[in-house]
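Just so you know, all these numbers are worked out from the coordinates, no wet-lab data involved. Since this is a predicted model, take the numbers as computed values, not measurements. Cβ placement follows ideal geometry from the backbone for every residue including glycine, while neighbour counts extend to all protein chains displayed.
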Amino acid sequence: MATPLSADRLLKALRGEGLRVVEVRSWRTHNRNHKGAWGPVNGVMIHHTVTRGDTAKQTLASVELCYNGHSSLPGPLCHGVIAKDGTVYLVSAGRANHAGSGDDDVHQAVVNESATLPADNEANTDGNRHFYGFEAINLGDGKDPWPDAQLEAIEKAAAAICRAHGWSHRSVIGHLEWQPGKVDPRGFGMDWMRGRIKERLAPAPQPKPAPAPAPAPSEETDMPVNWSLATDTPQTVPAAKWTTIPISRTDLLTGATHYTASVHLTIEDPVPLGTVQGRFVHVRPDGSRWTGPIVERMTTGGASFMDFPHAGSVEPTEKVRFEVIYYPGNNDSPTPGPITAARVRGLYWK
Ligand SMILES: [Zn+2]
């Protein structure tokens, strides 16, 4: 529960997060407050515009659409429009026509900042009353790219509002998590974006104690060995089954005592929106296994590139392997595209 930010405080919060902000005409007084309540506010909702924003002209047309709306949906259609270059165009500081009716259970979960969101299977709650809305310019076809600058601006805009209200990343949802039938934002996962917002909101790390002076290199055995393997043989991964990924060989490493590594995967189009998890596995001579922490990545709908880092200790007799599991998204076929390239790079010590 919170009183909505004034126009001044909204602007200050966004600029304070390091965003480039453009104030569009009468954004301070341009709203739908005559049609319903604005507040108490409980969260931030992310959308895509279903418009292009590759040129300045297209960007301005998208901003105009969000300011004015159209015959069946009067504007403002959000509070801020986030362009591909990361600029935020403010079009409203009041009630805006972006969220529509959504699920009361989701609303309650946002109010409670619950760890998980229930399914959005009801449309019984006025979202325009309770949510700030950001429209990111993207066609939402799974192919229109999401530049880093734009993703960073989404992270910053959501974090700015959470910071101003004292909310956590769990107060940020996607339209698709609110209203049945909505798919936006499409092209990145909201769990992933919430993870970024969480990191941004985390208190600055305490300064580390000064490192101990590095011991003089003495024995050759202290020297790390470079380790680099790659393959571009396509490999198909079944859905929902941990599968070992050979990278030119199944056992990526043996004879090491510890190692650092990053596996880089390229997964080709067509990829349904989904989740890929990866983990390193140590296989002992008796066949028993140690499995490392799971790292989760979202597929983007187009070609996806993902990194899985790990650093671990290992017995020289153990074999280091890498496994992935694929969970399909909810709106496409359960067959993932093939992994078309894989490589591992790192260092190991004997
Ligand atoms: Zn939307």
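Within the stretch 51-65, can one find any residue that is touching a residue at least 24 places away in the same chain (Cβ under 8 Å) and in contact with a His (Cβ under 9 Å, 6 or more places away or on another chain)?
No - not one qualifying residue is present in the stretch 51-65.
If only one of A37, A96, A115, A61 is among the small types (G, A, S) and either touching a Cys at 6+ places or on another chain (Cβ under 9 Å) or under 21 Å from G181 (Cβ atoms) (or both), which one is it?
On the way: A37 fails: either touching a Cys at 6+ places or on another chain (Cβ under 9 Å) or under 21 Å from G181 (Cβ atoms) (or both); A115 fails: either touching a Cys at 6+ places or on another chain (Cβ under 9 Å) or under 21 Å from G181 (Cβ atoms) (or both); A61 fails: either touching a Cys at 6+ places or on another chain (Cβ under 9 Å) or under 21 Å from G181 (Cβ atoms) (or both).
A96 is the lone residue from the list that is among the small types (G, A, S) and either touching a Cys at 6+ places or on another chain (Cβ under 9 Å) or under 21 Å from G181 (Cβ atoms) (or both).
Test G16 against the criterion of being closer than 23 Å to H107 by Cα and of a type outside the set (K, R), and give yes or no. Before you say what the answer is, go through the steps one by one.
On the way: closer than 23 Å to H107 by Cα: no; of a type outside the set (K, R): yes.
Considered against the rule, which asks whether it is closer than 23 Å to H107 by Cα and of a type outside the set (K, R), G16 comes out as no.
In the stretch 136-185, how many are basic (K, R) and within 15 Å of the ligand (Cβ to nearest atom)?
Going through the stretch 136-185, the residues basic (K, R) turn out to be 143, 156, 163, 170, 182.
Those still in the list that are within 15 Å of the ligand (Cβ to nearest atom) too: 182.
Number of matching residues: 1.
Identify all residues within the stretch 112-135 that are closer than 22 Å to A2 by Cα, within 15 Å of the ligand (Cβ to nearest atom) and of a type in the set (A, V, I, L, M, F, W, C); write none if there are none.
The answer is F131, F134.
Under 9 Å by Cβ, and 6 or more places apart or on different chains, what pairs join a residue from the stretch 183-204 that is at positive phi with one that is polar (S, T, N, Q) and more than 13 Å from the ligand (Cβ to nearest atom)?
Every condition considered, the pairs that remain are G187/T300.
Name the pairs: first residue in the stretch 11-31 and touching a residue at least 60 places away in the same chain (Cβ under 8 Å), second residue in a loop (DSSP other than H, G, I, E, B) and of a type in the set (S, T, Y), Cβ to Cβ under 7 Å, at least 6 apart or on different chains?
Short answer, once both residue conditions are applied: R20/T87; V22/T87; W27/S92; H30/S92; N31/S92.
Among the numbered criteria (1) within 26 Å of the chain's Cα centre (by Cα); (2) under 19 Å from R129 (Cα atoms), which one does G36 miss?
(1)
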